[in-house]
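The values are calculated or read from the model by the stated rules, or taken from the named source; none is laboratory data. Predicted, not measured: the structure shown is a model, and the values here were computed from it. Glycine also receives a Cβ, built like all others from the backbone with ideal geometry; neighbour counts cover every protein chain displayed. Note: accessible area is taken over every heavy atom of the protein model, side chains too, but ligands, DNA and RNA are not part of it. Shrake-Rupley method; radii C 1.70, N 1.55, O 1.52, S 1.80 Å.
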Amino acid sequence: MPHITLPTEEPGIIGLFGYRPETAAPMNALAEVLLRAASTLTRGERELIATYVSSLNECRFCASSHAAFAAAQLPEGMDLVERVRT
């Protein structure tokens, strides 16, 4: 659920990036490092963690986005993602 009233209908963090573009670049850089850079965790595992955290934060847009990426990258697919979310 958004905590800031935005002058846009863009969903999730996309609307925030449009609202404050000066923050979009560092936030995208952080996401790149956390989700895609070299790590001991696979990209799917990191997306699964992001799915769980986004679910706890009650952000349906982020949780759904991360869930789709996690499911596509993990051999157990959406079955594992749903087990983690519940």
Next on the checklist: How large a share of the accessible area of the chain, in percent, is made up of carbon and sulfur atoms when the probe is 1.4 Å and the other protein chains stay in place?
Outcome noted: 62 percent
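How would Thr40, Thr51 rank on accessible area, largest to smallest, probe 1.4 Å? Before the final figure, lay out each step's value.
Working: Thr40 140, Thr51 0 Å².
Of Thr40, Thr51, the descending order of accessible area is Thr40, Thr51.
Per residue, how many Å² of accessible area does the chain show with a 1.4 Å probe? Working shown, then result.
On the way: 6110 Å² over 86 residues.
Dividing the accessible area of the chain by its residue count gives 71 Å².
Taking a 1.4 Å probe, which of Val81, Val33, Val53 shows the most accessible area, and what order do the others take after it?
Details: Val81 0, Val33 90, Val53 70 Å².
Most to least solvent-accessible, the answer reads Val33, Val53, Val81.
Suppose every K and R has +1 on its Cβ and every D and E has -1 on its Cβ; what is the size of the dipole of the chain about the Cα centre, in Debye to the nearest 20?
On the way: 7 positive and 10 negative charges, 26 e Å.
With Lys and Arg at +1 and Asp and Glu at -1, about 120 debye.
Counting each DSSP H run of 4 or more residues in the chain as -39500 (n - 2.57), what helix-only mean residue ellipticity at 222 nm follows after dividing by all residues, to the nearest 500 deg cm²/dmol?
Working: 5 runs with 61 residues, N = 86.
After summing the helix terms and dividing by residue count, I get -22000 deg cm²/dmol.
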